[in-house]
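Trainee: Mind looking over this structure? Questions follow.
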Amino acid sequence: MTLGRLIDLPVISDPRGDLTFVEGGRHVSFDIARIYYLYNVPVDAERGGHAHRELSQVVFALSGSFRLTLDDGRERREIWLRDPRKGVLIESLTWREMDAFSQGAVVMVLASHPYDEADYIRDHDAFLAAASERGRPPASPADGGAPT
Ligand code: T46
């Protein structure tokens, strides 16, 4: 898994301006179940600060810019988003933080599932435990674990 894989969207440009589109299952790997956007964000706001158990998302800066910091429990990566044609895939069990918003920044998020508060992990230690649990190979019968 690549932490924060970049997604390049097509652009169709003509004298009237640029048009970019995104199709679920084609440009993003999942069917899009929800779209939400952040706007009127104060430049000193800090958003995120959580991970998701199952949800995958792709995040775009439709306007302006912001910093996205990702952490999968092993690696940490900072990505600046400022191009509406470039999104970042945030897979499940990835801690995310967003800050350094420019004035008037608009963030669009494509999500694989409807909103579900039970899917959030808002405690960093609980996130590290869940990420380490997922990374662990399944117990084999020789180790006394359940047969697979
Ligand atoms: C994420 C980052 C990038 C809803 O009722 N429905 C929704 O679809 C969403 C996204 C949020 N909410 C409620 C839950 C909270 O009461 O809106 C409130 C603010 O949400 P939150 O504090 O989670 O917002 P952010 O910007 O910190 O995080 C959001 C997403 O929740 C999260 O999944 O990855 O944007």
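Trainee: Examine segment 94-111 for a residue that is more than 10 Å from the ligand (Cβ to nearest atom), part of a loop (DSSP other than H, G, I, E, B), modelled with pLDDT of 95 or more and closer than 20 Å to Met1 by Cβ, and state whether such a residue exists.
Mentor: No - not one qualifying residue is present in segment 94-111.
Trainee: Hey, could you check segment 69-81 for residues that are more than 12 Å from the ligand (Cβ to nearest atom) and within 19 Å of Ser132 (Cβ to Cβ) and say which is surrounded by the most Cβ atoms within 10 Å (Cβ to Cβ)?
Mentor: Asp72
Yes or no, residue by residue, for (1) more than 22 Å from Glu97 (Cα to Cα); (2) in contact with a helix residue (DSSP H, G or I) (Cβ under 6 Å, 6 or more places away or on another chain); (3) near the ligand (Cβ under 10 Å from one of its atoms):
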position: Pro15; (1), (2), (3): yes, no, no
position: Gly24; (1), (2), (3): yes, no, no
position: Phe30; (1), (2), (3): yes, no, no
position: Val41; (1), (2), (3): no, no, yes
position: Ala45; (1), (2), (3): no, no, yes
position: Ala51; (1), (2), (3): no, yes, yes
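Trainee: So, in segment 12-25, how many residues would count as being surrounded by 10 or more Cβ atoms within 10 Å (Cβ to Cβ) and either of a type in the set (Gly, Ala, Ser) or more than 20 Å from Ile35 (Cα to Cα) (or both)?
Mentor: So the count comes out to 2.
Trainee: Contact list please: Cβ distance under 6 Å, first residue in segment 35-61 and within 17 Å of Lys86 (Cα to Cα), second residue surrounded by 15 or more Cβ atoms within 10 Å (Cβ to Cβ) and acidic (Asp, Glu), pairs at least six apart or on different chains.
Mentor: Listed pairs, sorted by first residue: Ser56/Glu91.
Trainee: May I ask you to verify whether Phe66 is surrounded by 15 or more Cβ atoms within 10 Å (Cβ to Cβ), over 12 Å from the mean Cα position of the chain (by Cα) and touching a residue at least 40 places away in the same chain (Cβ under 8 Å)?
Mentor: Considered against the rule, which asks whether it is surrounded by 15 or more Cβ atoms within 10 Å (Cβ to Cβ), over 12 Å from the mean Cα position of the chain (by Cα) and touching a residue at least 40 places away in the same chain (Cβ under 8 Å), Phe66 comes out as yes.
Trainee: Exactly one condition in (1) more than 11 Å from the ligand (Cβ to nearest atom); (2) assigned to a strand (DSSP E or B); (3) of a type outside the set (Gly, Ala, Ser) is not met by Pro84; state its number.
Mentor: Single failed check for Pro84: (2).
Trainee: Which condition from (1) over 23 Å from Ile121 (Cβ atoms); (2) more than 10 Å from the chain's Cα centre (by Cα); (3) not in a loop (DSSP other than H, G, I, E, B) is the one that Phe60 breaks?
Mentor: If we test Phe60 against (1) over 23 Å from Ile121 (Cβ atoms); (2) more than 10 Å from the chain's Cα centre (by Cα); (3) not in a loop (DSSP other than H, G, I, E, B), just (2) comes out false.
Trainee: Just one of Leu89, Leu55 is part of a loop (DSSP other than H, G, I, E, B), within 13 Å of the ligand (Cβ to nearest atom) and crowded, with 16+ Cβ neighbours inside 10 Å; which is it?
Mentor: Leu55
The values are calculated or read from the model by the stated rules, or taken from the named source; none is laboratory data. In this text the structure is predicted, and so the values were computed from the model without any measurement. Ideal geometry is used to build each Cβ from the backbone, glycine not excepted, and the neighbour counts take in all protein chains shown.
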